Structure formats: structure tokens, C-alpha cells
Amino acid sequence: MFVYADNAATTATSRTAIDAMLPYFDKIYGNPSSLYEVGQNAKAALEGARERVAKVLGCTPREITFTSGGSEADNQAIRSAAAMGLRKGKKHLITTAFEHHAVLHTMKKLEKEGFEVTYLDVHHNGIVTPEEVAAAIREDTCLVTIMYANNEIGTIEPIKEIGAVCKEKGVLFHTDAVQAAGHIAIDVKEQNIDMLSLSAHKFHGPKGVGVLYARGGILLENLIEGGAQERGKRAGTENVPGIMGMTAALEEVAAHIDENAAKLSALRDRLIEGLETIPYAELNGDRTHRLPSNVNFCFEGIEGESLLLLLDDKGICASSGSACTSGSLDPSHVLLAIGRPHEVAHGSLRLSLGEDATEEQVDYIVKSVKEVVEYLRNMSPFWKDLVSGKRPHVFKEFVKG
Ligand SMILES: *Cc1c(COP(=O)(O)O)cnc(C)c1O
């Protein structure tokens, strides 16, 4: 059986998105900045796409900037808020310890440039509270940026309430909604969001294209200088096919959000219940305030990479927040942020289901993970120490019962 359970890493491009792109490769290939018809037709499609994306998000077309993806949108949002803050002498930013690296690495750079950053605690359940945000805001705070849903553990943050706190205190609020899009209905005005990032390839659109929503009145800083595309705020010939594919994909996921969430959360819970029957394993992140697609477990006495390789042999594509997969030796900063000790953070497994997942696939995943965990533990000297009592267990034998 082949099971693609890594939809938080990227999703398959939908037929709808591919069909929406094709005409812009082979017929309407003009440069939107050109005056003749094939260029102007591309321009009209581009501006139509801007209106359609704005409609899904509940904002005006002028508030939409097309980017090369989620990372660029995060960078531009934070850099813009920092520049606006600097002009008013405000050099403090607030975020959480478990953001995506597109946010965290931008923050680290700003710290080197003289800004001060507060990293809020996300606690054991992976959720930050509006009260904690309120308490961290200072006179010189120029931005609060908190992700809508976490890419590793899937926890959903109280975005509307955090946005209300920021609004009341007059501080800009950005959210990285890359993982939320397609799973949670977004309305930027209703949810008090000033800036928001999206990435097409996380909701069945193509790779290399995204959206930055910035409320009217927010002056964007250019990350890329050059031509006057995107109202002069993002130079470079627009990725018209990508934007058309992204727009079609966004409309499609938005139209099916409730039915997909209902279907996926039932499968997610079945998967969680199945994996909880493995001894010395624990779910990461809050059980209910999590994306309908996301399951993330830590297993004692397991190396994440070995688990992934053996699951790959069984046709299962999954991911782990640990060493080799992320290209660094440290375990996932997200798992450390929710208080997992190093030794169990190395044994994590993220399964992110797609809308076409089935009960048979979920049951196959549970069966396979059980087999692989048992096999790896039997070979592990570390596990032998746990069994003999030489080392103490971190987790209880079973979470339930
Ligand atoms: C994937 C992801 C990004 C980066 O998006 P790209 O389009 O791949 O640059 C940013 N934030 C989160 C939460 C993500 O999951």
C-alpha cells in the first residue's frame, strides 16, 4: 500500500489547480506588464486572481501581494512591521518559541540589527494564550507574530482573541497561516488580523507561490528591488500560471472546508487512538485544538530517522522533527518548546493526512508503526536500559486505561 501522510510538508497539486495553470503556459503567456493583447490578458487574469483571493480572505484586492511562497511572505511581513516600528522608535517584537524558521530566523537577524524579541512559551499543549500576549506587549512593541497552526504538532492558536488584544493595544498583528489555510476558515477582518502569510503548495496549489495579506495603511518594505510589479512592493515578472493555480486551489479548499474537516478529524482521531495502544508513546500537542489532518507522536527508545526509513519501505511517507530529516543535529525546536526532553524529541513521528485518506490507510499506518517501533526497540541498547530499569522511562506505559 502507498500512503502519502506528509501533507504538512507539501500537498499534491490538484487537478483543478493544474487545469487553471495550463492556459497561462501555452496561450496566455504574455508578460502582464506588456501593452499588447496577450500581455493584457495575463494582466486581467492576474488582477482577477487578486480579487478572488481577497474574496476568500475577506479583504480588498489592494491588500493582497503575491509572493514566492510562505517564507517570503513571513519575511516581508516582519521586515515591514520592524521598519514601521523603527520610524517611531519602537524596537520590540513578540513571537513564540515554536514558529516556522522563516519567522524565527528573521527574528534572529533583527536581534542582530538591534531589535529586541520576546519568545512566548507555548506550554505543554502547544498553545499560547491571549493573556500572555497582552502581558508581553510594551510601549515599544511594533509587532506580534504568532502562527495560526503549527506545522509540526498541528496545534491551533486563539488567533481572533490574540488579534483583539493587539488591536486594543494598537500593535500590528501578523499570523503565519500557511498550515491553517484549507483547514480553518479565514476571515482577516473578522479575526482581527493585520497581516497574514499563505503558501499555495500546502493547499494543493503549485510550489513557489504564496500570498501576503497586509491591511491597508501598512507600508510594505521591498525584499526584492526592481520593476514596479505588485504596486512596487515586490519586483519581478509575476508568476502568472502559479498564481492562477494557487487561486483555483484556494477557492476549492475554501468551498469544502467543513466537510473535509469533519472527514479528516474522524480519521485523525482513529489514528491517534490506534497509536496510543503503543506502550511508552505520547501524542504531541493539544488533542482537540489541532488541525484535522495532524498527528504527531513521540516514542521512547526510537530514532526518528530509522522509523521514517522503515515506514518508507512499507510505502508510508511521513516526517519526523528529528536530526537528519531537518538537516541539523538538534531535535525539533517545536518539540523542545513544548517541553519534550531531547531523548524523546529524537523519536518523533508526524503524520499529516490528505483529504483522500481512508480508514484502510489509517489502519495500515497504525499496524506498520506498531511493527516498526517494536522492531527498532528490540535492536536498541537504549531500550534495553529502559526495560531493565537502568534508565527511567519518560512516559507512562499507556496513555489511556
Ligand atoms: C511550509 C511553511 C512555510 C514556508 O512556506 P514555503 O512556501 O515553503 O516557503 C512557512 N510557514 C509554515 C507554517 C509552513 O508550514
### Query
Pick from ALA54, ALA81, ALA49, ALA45: which is under 21 Å from HIS201 (Cβ atoms), small (Gly, Ala, Ser) and buried (at least 23 other Cβ atoms within 10 Å of the Cβ)?
ALA49
### Exclusive hit being in contact (Cβ under 8 Å) with a residue 24 or more places away in the chain, of a type in the set (A, V, I, L, M, F, W, C) and within 13 Å of the ligand (Cβ to nearest atom), set ALA177, ALA185
ALA177
### Query
Among (1) away from the ligand (no atom under 16 Å from the Cβ); (2) in contact with a helix residue (DSSP H, G or I) (Cβ under 7 Å, 6 or more places away or on another chain); (3) under 24 Å from ARG234 (Cα atoms), which single condition is GLU113 missing?
(2)
### Summary
Given the conditions (1) outside any helix (DSSP H, G or I); (2) closer than 19 Å to ALA164 by Cα; (3) more than 16 Å from the ligand (Cβ to nearest atom), every one holds for THR95 apart from (3)
### Query
Hey, does the range 194-204 have a residue that's within 16 Å of the ligand (Cβ to nearest atom) and either β-branched (Val, Ile, Thr) or over 18 Å from the mean Cα position of the chain (by Cα) (or both)?
no
#### Entry: Flag if ALA54 is more than 16 Å from GLY216 (Cα to Cα), away from the ligand (no atom under 16 Å from the Cβ) and touching a strand residue (DSSP E or B) at 6+ places or on another chain (Cβ under 9 Å)
no
### Query
Are any residues in the range 208-252 outside any helix (DSSP H, G or I) and in contact with a Gly (Cβ under 8 Å, 6 or more places away or on another chain), and if so, which ones?
GLY208, VAL209, GLY210, ASN222, ILE224, GLY226, GLY227, GLN229, ALA235, GLY236, THR237, ASN239
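Yes/no matrix, rows are residues, columns are (1) crowded, with 17+ Cβ neighbours inside 10 Å; (2) in a helix (DSSP H, G or I):
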site	(1), (2)
ILE278	yes, no
THR288	no, no
GLY321	yes, no
LEU351	yes, no
VAL362	yes, yes
VAL369	yes, yes
### Summary
(1) within 14 Å of the chain's Cα centre (by Cα); (2) over 20 Å from LEU196 (Cβ atoms) all hold for HIS92 apart from (1)
## Note on the structure
The number of residues in the range 207-255 that are within 14 Å of the ligand (Cβ to nearest atom) and surrounded by 23 or more Cβ atoms within 10 Å (Cβ to Cβ) is 10
### Query
In the range 147-174, which residue that is within 11 Å of the ligand (Cβ to nearest atom) and not small (Gly, Ala, Ser) is nearest to ASN296 (Cα to Cα)?
GLU152
### Query
Within the range 1-37, which residues are assigned to a helix (DSSP H, G or I), within 13 Å of LYS207 (Cα to Cα) and β-branched (Val, Ile, Thr)?
ILE18
### Query
Between a first residue in the range 236-254 that is over 19 Å from LYS55 (Cα atoms) and a second residue that is in a helix (DSSP H, G or I), which pairs have beta carbons less than 7 Å apart while being 6 or more apart in sequence or on different chains?
GLU238/LEU46; PRO241/MET21; PRO241/TYR24; PRO241/PHE25
### Summary
When the range 85-115 is checked residue by residue, the ones that are surrounded by 14 or more Cβ atoms within 10 Å (Cβ to Cβ) and more than 18 Å from ASP74 (Cβ to Cβ) are LEU86, LYS90, LYS91, HIS92
### Task
Being charged (D, E, K, R) and in contact with a Phe, Trp or Tyr (Cβ under 8 Å, 6 or more places away or on another chain) is the filter; apply it to the range 344-394 and report the residue that is nearest to LEU307 (Cα to Cα).
ARG377
### Message
Among the residues that make up the range 300-317, is at least one of them under 20 Å from the mean Cα position of the chain (by Cα) and either buried (at least 23 other Cβ atoms within 10 Å of the Cβ) or outside any strand (DSSP E or B) (or both)?
### Response
no
### Filter result (in a helix (DSSP H, G or I) and within 7 Å of the ligand (Cβ to nearest atom)) within the range 62-79
GLY70, SER71, GLU72, ASP74
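All of the numbers you see were taken from the coordinates with simple rules; none came from a lab. What you are looking at is a predicted structure, and each value in this text was computed from that prediction instead of being measured. Ideal geometry is used to build each Cβ from the backbone, glycine not excepted, and the neighbour counts take in all protein chains shown.
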